[in-house]
Amino acid sequence: MRRRLLILLGLVLAGAVYLRFFRYAYVGYYGDDAYYIIGARSLLQGSFSFLNRPEAPSILQYWPGYPLLLAPWIALFPGSLHALQWSSLFFTLGSLLLLA
């Protein structure tokens, strides 16, 4: 029981810290964000390529795992970058829960 309480307290604390700095870690703050979003949008169209380049070359330097997780959020909330921020929060807290 004590272990579960500590895990729950850790998740609440991690979530509070993430929410405290939520506006500072906006989508696009880090350089790879755009590539993951482009990758997710291209996965929704049936490929894993750069949609913003004329030849649409394949994305080779990034794995498709994280874009695959983002793709449903982009499909459900097209054009909403806040949905992607919230999904990252859920993924982070979910990974901490799995780690515990």
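The values are calculated or read from the model by the stated rules, or taken from the named source; none is laboratory data. For clarity, every value in this text was computed on a predicted model and none was experimentally measured. Note that we place each Cβ from the backbone using ideal geometry, even for glycine, and neighbour counts take in every protein chain shown.
Output the residue which, of all residues in segment 64-100 that are free of Cβ contacts under 8 Å to residues at least 40 places away in the same chain and assigned to a loop (DSSP other than H, G, I, E, B), is surrounded by the fewest Cβ atoms within 10 Å (Cβ to Cβ).
Looking at residues that are free of Cβ contacts under 8 Å to residues at least 40 places away in the same chain and assigned to a loop (DSSP other than H, G, I, E, B), I get G79.
Do we find a residue being in contact with a Gly (Cβ under 8 Å, 6 or more places away or on another chain), part of a loop (DSSP other than H, G, I, E, B) and modelled with pLDDT of 85 or more anywhere in segment 34-55?
yes
Across segment 22-76, which residue is farthest from L93 (Cα to Cα) among those that are in contact with a strand residue (DSSP E or B) (Cβ under 9 Å, 6 or more places away or on another chain) and of a type in the set (F, W, Y)?
For segment 22-76, the residue satisfying everything is F50.
Only residues that are of a type in the set (G, A, S), surrounded by fewer than 13 Cβ atoms within 10 Å (Cβ to Cβ) and under 28 Å from A100 (Cβ atoms): list them for segment 14-63, please.
Of everything in segment 14-63, just one residue is of a type in the set (G, A, S), surrounded by fewer than 13 Cβ atoms within 10 Å (Cβ to Cβ) and under 28 Å from A100 (Cβ atoms), namely A16.
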